Each structure stands twice: as C-alpha cells, then as structure tokens.
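Just so it is clear, none of the values below were taken in a lab; they were calculated from the coordinates. None of these values were measured; they are calculated from a predicted model. Cβ sites come from the backbone with ideal geometry, for glycine too, and all protein chains shown count toward neighbours.
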There are 2 protein chains.
Amino acid sequence: MRRLRTFLLSNFEPIWAVVQKVPFLSRSINRFIIDTAVTASRNRPHPFSTRSSYTSWASLTDRRYFGRHLAAPKRRDALPDKAEVVKLFERPAEGGRVCPKSTLLFPVFAQYLTDGFLRTDMEARERTTSNHEIDLSPLYGRTAEQTDVLRQRDETPGRKGRLKSQELNGEEYPPYLYEEDGSTIRDCFRDSDGNAILDPLLGGDKIKGKGFERQIFAVGGDRANATPMVSMLNTLLLREHNRLAGQLEKRNRGWDDEQVFQTARNILIAIYIKIVIEEYINHISSTCFKLTADPKVAWRASWNRPNWMTVEFALLYRWHPLVPDRVAWAGESVPSEEMVLDNRYLTAAGLEAGFRYVSAEEAMALTLFNTPGFLREVECRAIGQGRDLQVDTYNSYRDAMSIPTVTSFDQMTGDPEKREALKRVYGTPDAVEFYTGLFAEDVNPNTPMPTLIGAMVALDAFSQALTNPLLSEHVFNETTFTAWGMEQIETTHRLSDLVLRNVPTSDFPDRAEAIRMTRKDWRRSWVPF
Amino acid sequence: MRRLRTFLLSNFEPIWAVVQKVPFLSRSINRFIIDTAVTASRNRPHPFSTRSSYTSWASLTDRRYFGRHLAAPKRRDALPDKAEVVKLFERPAEGGRVCPKSTLLFPVFAQYLTDGFLRTDMEARERTTSNHEIDLSPLYGRTAEQTDVLRQRDETPGRKGRLKSQELNGEEYPPYLYEEDGSTIRDCFRDSDGNAILDPLLGGDKIKGKGFERQIFAVGGDRANATPMVSMLNTLLLREHNRLAGQLEKRNRGWDDEQVFQTARNILIAIYIKIVIEEYINHISSTCFKLTADPKVAWRASWNRPNWMTVEFALLYRWHPLVPDRVAWAGESVPSEEMVLDNRYLTAAGLEAGFRYVSAEEAMALTLFNTPGFLREVECRAIGQGRDLQVDTYNSYRDAMSIPTVTSFDQMTGDPEKREALKRVYGTPDAVEFYTGLFAEDVNPNTPMPTLIGAMVALDAFSQALTNPLLSEHVFNETTFTAWGMEQIETTHRLSDLVLRNVPTSDFPDRAEAIRMTRKDWRRSWVPF
C-alpha cells in the first residue's frame, strides 16, 4: 500500500499537473496525502512521556516533559560504545556527500523552524522548554515577559504594534542585545532586578565579550543568532511583522498598539505555517503533487489532538549532516564554523544577498559519515540523549510507523561501506539504535530524506502545523486576521514572497527564482514499483 | 428536530428498556445522544476568551483566562439596576419551590464536581485558576506542590501510595488543616518559608480561629470543606483512593510509593468520570435511555478538542436555588447556613449516615424566586461577573445552542408571577441578560433543569468528561490502570458503589438504594410532542 502510494505519487508528473488544476480533485488528493501520512502511526495523546516509565496524571498533563511515540522498552541489550557509534557519523576530512535536491536554504529553514519547538532543556535533558506549538517563539519569545521586552510598545501613530528594530546599512534588523563592552545585556532587555529576560544565548560562552562586535541581536529564541543564515530568516520575519503592523494600523484607525501587535502576530504565524507546508514540506516531499496548507483538512480529522513534542521528534531533527564544511558567501568560501554566532556576515551582505547565497549553495546529504567535524560533540550528545531517555530501537520505530522492519543491513543501505560499518558496530539490524538507524538508511529518490525520518517528519509536521489554534474552524477567518490579513495569508507561498515584500528596492534580477530550497539543477527521477 | 428527539427519548420507557439490553443498539443510541448534545453548538477551540475582545495568540493559549462561547457584543443596551435583578432570585421567607426529581445529593455532587474546574480567580474575576480538566483537584490539589503535601509519601509496605488521613470515631477522614489554636496551619502543610501550600479556605475569614473546632480538613480544594456534605464526598473519594492504593500495592509487589499513588489516581479519576456520566448526568437527563460512559464515543469525534472552561459555563453552574433552607440531619432540622464550614456534622454522624440524610432530603427547584437568603450576596456577585465580562444576552445563547429564541415572556415560563416580574425588570425578552434568563425558564419535565441550562450542561459535560486524557484511545487500557484497575472502573456506576466498598461494617438496611440523587417518589411524566 505504502509502495503503491509512493510509486503513483512520485511518477507521472504531467498527470499530477492536471489534477492539481482541478479544485475538487486537488483538495481531495491533498487531504488524502496528509491523512495517510498522519495516520501511519497512532493518535495523540501519547500514553507515555519522559516523566515516568508508566502513565500518570502528571505524565499526561505536565508539558515540561517530552511525549514519547513509544514507551521505554522493559529490557535493553547492551549498546555499543558511544565512541564507536559517533565514528559512524563523522564526515571524512576531504569531501562528504552532497544532496542532489536541496540548497542550503533548506537546512537553514529547518533549523530556524525546529528551534522554535524542539527544545531540550539543557539543565535536564528529559525535559523540554517547548510551548509545543508553532508560535514563532524565535521571533516573539517563549513567554509573555519575553514578548513584552521585544515590543516597541508605542501608541504613537505610525509606530503601533511594532517589534523593536534598528537600521543598519539602510536595512531593518533586530536591535543589539549587548552593550558596547560585548558582555553586558542592555538595560531594556533586563527586568527591574537586573536579570536577563530573554533566554541566554546558546553557546554564548564561546564568544564571551564579543557579543557586540559580532552584532548579536535581541530576539525571541536562544538559537536565533546561531548563524547569520538563521538570523537572516528571523530578520525577514521581523520585517514582515513590522510591515503587517504598519498596514494594519493604517487600515484600522481605532486600534491600539496591543491590537495591532496581536493581529500582526496572528497573520504572521498563519503565513509562516503556509510556508512550512507549501515550500518546506513540498521540498521534502517526493510526490509530484504539490501540497497546499488547507486548514480544513484538520477540522474534522481524528488526528486533530493537542500538540506535544516527542523525544523521538526532537532526536530525528538533528540534521547535522546537511551542513557543508564551507559556505560561498559574498564571493568568499567561509568555513561554516566561523559563521557561528556572527551576524556581521549578514549585515555586511544585506538580507536579499544572504538569501541568494544560501540558495546557490548545495546542502550536504542526510546520511552517515557526513557530519562535519565541528558538530561531532553535538552528535555525541544526541546519541547520549537517546540512550539516557531509553528510546527504543530503530526497528521498533519502523514498525510503529507501519514500515516493514528490516532483517538485514542491505535493506537499510545499498552502500557496502555503511553496511560493513553498521555490522561491525551493531552486529544485527535489530540491535541498531533509533538515532543511528535514522541516518543509516539511504536517502530516497526525489527527497532529501531517508525513509523513517521522512515518514516521521511528515506525521509530526502535518499533525502539528495544521492543528495550530489559529487555523482552527472558528478562528481561521476575517474576524481573527481582518479581510486584508486573510489576503496576505492567501497570497504567500514561499520565502521569496516575503523577501520581495520586505526588500523593496533591489537591483537583483530574477528575484523570486533565486530564493529557493530546491536546487536549480535538480531533476526528478523515476521511482520503480 | 430537537422536539422530536426529546419526545422520543422522554417517552416509551418500556421500548427503551429493551433497546438498552441490545449491545449494538445501546452503543449507537448512546453515541447518538452524546453526539447531538455536543454538536448543538460549535467546537472548541473557542475563538474568544476573557483576555481580550479580539483573538490573539495570547487569548488562544493563555489558560488563566476563561474561554467564551460567544464574543462580547459590540453594543450593549443599558441593563436594569442590579438590585432589581437580584430580587428576581430571592426565595420568600416562607416556602420556596421543591424539585420533584432531585434529592439533596444531586446539588451536593454538582457543587463538589464543579468546584474542581469552574474556578473564578477571586483576585481578578475575568481569570480562572482552573486546570480545565476533571482531575479531582478538590481531592488531590491543583498543583504538584499541593498534591505532594497531601500525600503520605511512605515506602513502608502497607502504606505506599496513600493520601494522608486520620481516624475519627473509627472512620477514615482527611487530616486536620489547623493546629489546636484554630488559625495556625499545621507545619506539614506549609513550605520551608512557612507559607501555606494549599489554597486558602474559601470564606475562611468567617470562621477565623475556629478552624480546629470545626474540624476543617486539609484537602486539595479551597471549597472542599464548604459544607459537611461536600466534605463527605471528598472523604469518600479519599477512602477509595487509599483502598485502591492498598490493593494495587498488594497486587504489584515491585511498585514504589509513587507508582502506587499515580495508578490509584488514574483509576479514581476514571471511576469518578463514570459516576459523573452514569449517575449524575443520567439524573439530569430527561431521557428514558440511560447513558453509559463509553470512552470510544469521543475517540474519533470531531468535538474531541482540548478542554477550556468558559465564563458562561462558570456562570450557569451557580445553582444556588437548589439549596434548601434547612436540612434534616441526624434527626434534627439544621439551617443550611449553620452547616457551612463545619465538619462536625459529618464526623458525628459518620459517612454512610451522611449520605443517607442527603439522599432523603429534597432539593429545591432551579428557578427564580428560589435562592435562599444567605446566598443573596453570592447571587449578586454572579450577576455582576456576567456584566463585567460582557456576557451576551439570554436570547443570543439560545440561538448559539440551536434553540429557537423567545419573542415573548410566556415562551420562557408559564408562571404569571415570573412573567410579570421579568417584564417589569427587562421590558422585552431580548433585553434579558444571560444569567437571569437561565433561571427564568421553567424547569422541564423529567429533569431538574430548565431548557438552556440543560443544553449547555450536557454539551460541556460530555465534551469535557469524555475528552479526559485518561479516557483517550491509547491510554484507556490495562497498561494505564492494570487489569484489576479496569475491573474497578467497569464495576462502578454510582456513589453507592463507593460507599458500600468503603464503609464495610454497617447495620443500615437497603444500603445501595438509600444513596441516590433521584427521589424515591419521583415518577416520569409523559412529554407531549
């Protein structure tokens, strides 16, 4: 059934192009693809969480813990040494594999997106600081207090509902977080006791004293400064928020700062979810049919249940292998590691140029032996987290996702080197742990994903994006967004739509086409049955 | 449609008795009744809350505010003076109307039940301190910290998983809250800074210094000591919890205190929900068909959405008129007001006798001119809260519940005195405010409820009880409750089942029949089409 679905949906592009144009057919196929992706596994609420090994009222309600797709197994065989496992991930000093489908914009978007809700609590790794929703927390903050200090809070006409921002080289960016000494957080981002209100910058220790020099921004997320590319996405959304606020204020004369802000946020979250599905998920998807973010699909769905991030989802989204060793940026080849926590690359290039650079750069392949050296430690921690939280085996998760379990390593990969290494480390496929198994599978045709990651990403993406309260039956309407706001949502499909709106003067040619997650040279391959 | 449904379901008792015995028919009718009750109005999520007059990310996610079935209307006509309105509620000094169907056990249960989740924040009445779930917070507390101090926390075999309790006159009760001075809270219920951990006793000022003398218990809810009748329900559930814990401990030798406690709580919440539907809602219901608490009904339902208490639900459940002026207790006629915050009545009589007294006492009718004098102030505050939170008119809510709006006062009540008074205060039916309208309608045949309250109670009860996470598809099973626990849930239908289990030695005859919400002398009436 699964094979037939893939076969039909991945081939026959001209037929799908026709189907796409017939509204009734298009709506039905869209619903079918989403429904079958989500119902591959069981519904929420998940009976288990990382809070305890059995179900309790606390485990069912305490959202500071991760949910679990599968309970911790009662008995676990001894696992291979972590040092041996991490070797399976290491990219050779020379080379590494390239992804035939994705530009670097794809992993950059994935990083920004998931940093918003896949949030391991660094103090207690069985816990999460997630709000469990796509709420644009990297832009707006996780808490009301954080949102508050990021806002302008100004009732002056022409300034209502805005997020704080600054102009650099004639373009709008978030404000700086640090004073000129590079380590003191600016007063306006601290509470009356002097404590920082925004979450501490992740990895901030590494650039101690250089926060100002590196132009670290005051933003909602502790990872939204991680690289100038991630910062670029956040800046784009900040500009769009302020643009929406400006228009809303003009069109609704009686509104105060609060209503302008809240309505702009409503619209921007809905726009963001559209891009998540219509650009990002469509890029991931191997199907010819292009999915649309139709909120109606979820309104009566039996899988429309409250979101709750799972530990498996948090693990499977560590896409370190996608990161190239070097990035072509402003005519230079810059080592990726150097770009970490340094927004100067962004402000020097400008927003649109940044988007063009990452869209021209190839992403690497999501597979073993492909994690860049500087992310080795992060990979180690991921393996450790999977073990500490007693995540079940790779094969158990294939089974849970209605995918046949594997009985030999050649069902996982056609690459003799990978097979050999897996055999040496794990002995049998049944012994392969979840995290390794995810990346051990070969990447499928027409998608940047291996099988199990692809299935789990689709399930979690749809069941969480489309169940957003702003998309719900009695909320997704003009009362919530205004008629003009609905129009903004309807006419946005891709990041390039936002760039074009928010970098108005530009001498770049071919603007919309140059900003893309799918490589220009990518060609669909035929998928045999 | 609504009339036909009522006509068919309220009459033809012998036919329904047969239907009830055919499992397939019985399951389908059960689902039909519940589905039609819930879909009379729109699904959650509610687009509006008491947080702001428009929809925002905060209003959709900040559960410290009430949801709203209807938005605040843009324009409101001037409302009559509150003092005039409260007069419509006052019970005459002599008399008051009796409810033909209900015993006093019915309002006592309603009070205990709703105090668990309909919780106006007394500091800011647009807010709520509710967890929005049926979680037995009056027994276990609203927060983890509260639950913690109510637990024995003892790993000694034979004492695991228990709630703290004491023996009085040979029976088990919750521990006392106060020291012998009557106003100092006992150390074990305070944190290391000496602050009280349990919510302050509601109305505690009135009995200042008498907390010990009146045997106030340390319990989860700030209202669970409100009367000895409410305390009696809470005591029954405490005993059942400790009984379940004792059995679980014996049957699962490896379990620690925590697992015994959590599993007993799981079972008790499920048992409680069964009683809510199978005894309490069936008592309210005018139908011949007896509903069963079948969790499956909700598993695929389009109304299975996260609970969120609404301000309308909080208002419509203020059933002060049901309270009699005096209660026959242990051979004496005691003024209701005297019983407030005094558990001596309960401990002197004993648990089973208490249940028998309230089951022998008649409840009063849920209607205007029937609120006892000592609750006049509370009634005043309810009217004020409805106005402050800009709740829409009575007719708007009939419409929202798919009930035809009324155009003349005789469509609301057949009582000339009530019609006259309503006309004097409001002028036209369209001007009647929600709170007054609820109680102005005549009580319907075969139920203690007027029309609008009945419809809204059914909607909220089912859509909230059956969507409890413990009843969800992958949680309601032996893994969560144990096989023995499932059996306990299956074999419990009424409060008397719990009383019989937890007051083992007793010389009361006819025990099960004597504990009841429906009066022994109640007879079903024919409902014309």
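Summary for B:Gly209: label point 7 Å along Cα→Cβ; distances to the equivalent points in the other copies, ascending, 6.6 nm.
Take B:Pro416, push a point 7 Å out from Cα through the beta-carbon direction, and compare it with the same point in every other copy: 10.4 nm, smallest first. Each Lys and Arg contributes +1 and each Asp and Glu -1, all at the Cβ; summed about the Cα centre of the protein assembly as shown, the dipole is approximately 2760 debye.
Return the whole-Å distance between the Cα centroid of the range B:347-389 and the Cα centroid of the range A:445-518. Distance between centres, Cα-based: 54 Å.
For the range A:188-295, a simple Cβ point-charge model (Lys and Arg +1, Asp and Glu -1, everything else neutral) yields a dipole of about 380 debye relative to the Cα centre. Taking the centroid of alpha carbons for each part, the range A:261-329 and the range B:245-315 are 35 Å apart. Cβ-Cβ distance of B:Arg31 and B:Asn477, R₀ of 30 Å, FRET efficiency by 1/(1 + (r/R0)^6): the value works out to about 0.90. Mean projected area of the Cα convex hull of the protein assembly as shown, taken over all directions, amounts to 45.4 nm². The gain in end-to-end length when the B:Ala353 to B:Ala124 segment is fully stretched comes to 78.5 nm, 0.36 nm per residue minus the alpha carbon separation.
Going from the residue with the fewest nearby Cβ atoms within 10 Å to the one with the most, B:Trp329, B:Trp522, A:Trp255 rank B:Trp522, A:Trp255, B:Trp329.
A simple charge model with +1 on the Cβ of Lys and Arg, -1 on the Cβ of Asp and Glu and nothing else charged puts the dipole of the range B:1-55 at about 180 debye relative to its Cα centre.
B:Ala298 sits among other residues whose Cβ lies under 12 Å from its own Cβ, and their net charge, with Lys and Arg +1 and Asp and Glu -1, is +2. Each other residue within a Cβ distance under 11 Å of A:Arg186 adds +1 if Lys or Arg and -1 if Asp or Glu, for a net charge of -2.
Checking the table A:Lys274/B:Lys74; A:Lys164/A:Lys290; B:Lys164/B:Lys208; A:Lys74/B:Lys160; A:Lys21/A:Lys296 against a 26 Å threshold on Cα-Cα, which pairs fail? Result: A:Lys274/B:Lys74; A:Lys164/A:Lys290 exceed 26 Å.
Mean partner shielding of peptide A:468-474, defined as the number of other chain Cβ atoms within 10 Å of each residue Cβ, is 6. Mean sequence separation of contacting Cα pairs (under 8 Å, at least six apart), scaled by the length of chain A, corresponds to a relative contact order of 24 percent. The residue among B:Ser41, B:Pro73, B:Val108 whose Cα reaches farthest toward the positive pole of the charge dipole of the range B:39-111, with charges on the beta-carbon of Lys, Arg, Asp and Glu, is B:Ser41. For the rotation carrying B onto A, the chain B residue whose Cβ lies nearest the axis, with the distance in whole Å, reads B:Pro306, 2. Distances, shortest first, from the label point of B:Ser53 to those at the same position in the other copies read 5.7 nm; the point lies 7 Å along Cα to C-beta. Averaged over peptide B:50-59, the number of partner chain Cβ atoms lying within 10 Å of each residue's Cβ comes to 6.
Taking other C-beta atoms within 10 Å as the exposure proxy, A:Leu466, A:Leu498, B:Leu389 rank B:Leu389, A:Leu498, A:Leu466 from fewest upward. Once you reduce the range B:126-141 and the range B:15-81 to the center of their Cα atoms, the two points are 19 Å from each other.
Could you compute the FRET efficiency for B:Asp62 and A:Asp81, with r as their C-beta to C-beta distance and R0 at 51 Å, rounded to 0.05?
Efficiency for this residue pair is about 0.60.
Sum up the charges of everything whose Cβ sits under 13 Å from the Cβ of B:Lys423, counting Lys and Arg as +1 and Asp and Glu as -1, but leave B:Lys423 out. Charge balance in the 13 Å sphere: -3. Backbone geometry of the range B:335-350 corresponds, through the Karplus equation with coefficients 6.51, -1.76 and 1.60 at θ = phi - 60°, to 3J(HN,Hα) couplings of x, 3, 4, 5, 7, 4, 6, 9, 7, 4, 4, 6, 5, 5, 7, x Hz, x marking Gly and Pro.
Can you show me the helix-derived [θ] at 222 nm for chain A, built from DSSP H runs with n ≥ 4 at -39,500 (n - 2.57) apiece and divided by the number of residues, rounded to the nearest 500. Mind showing how you got there, number by number?
Working: 24 runs with 217 residues, N = 529.
Rounded to the nearest 500, the figure is -11500 deg cm²/dmol.
Loop-resident GluC sites (Glu not before Pro) (DSSP state other than H, G, I, E or B) in the range B:33-132 with no more than 12 further Cβ atoms inside 10 Å of their Cβ: B:Glu94, B:Glu123. Label sites at A:Leu202 and B:Trp526, each approximated as a point 7 angstrom past Cα along Cα to Cβ, lie 7.3 nm apart.
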